[in-house]
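Here the structure is laid out as structure tokens; the discussion comes afterwards.
Values quoted throughout were computed directly from the atomic coordinates according to the rules given, and no laboratory measurement underlies them. Owing to the predicted nature of the structure, the values given are computational and were not obtained by experimental measurement. Because the Cβ atoms are built from the backbone with ideal geometry, glycine has one as well, and the counts that use them run over all protein chains shown.
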Amino acid sequence: MNLEPEDAFRYEYRVEYSLLYGILRLPVSFRHKHNITTLWARVDADSECFGDAFSRRVMRAVVGFEDVVMASLRALAQNSSED
């Protein structure tokens, strides 16, 4: 099976982010029991939220989606904590 360069980025992975690192260390069952909410979002690598086609190609080759997703989550969390 030959993978084209574009296909190499069509995998799924899970990212957890919290302003409080300790929350990430809690078992999922404990989080459910104590109503610690979790948000699941699926983002397609070809989504326009990552910019135009050229920007997405550069991101795949240079930066990686992981860095962009983590930076976005960090910014959203910090903005919501300031309110």
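Quick notes on this structure:
- Spin-label model, residue 58 to residue 33: label points 7 Å out along the Cα-to-beta-carbon direction sit 4.9 nm apart.
- Working from the Cα coordinates of segment 13-82, the gyration tensor eigenvalues give, after taking √(5λ), semi-axes of 28, 13, 11 Å in decreasing order.
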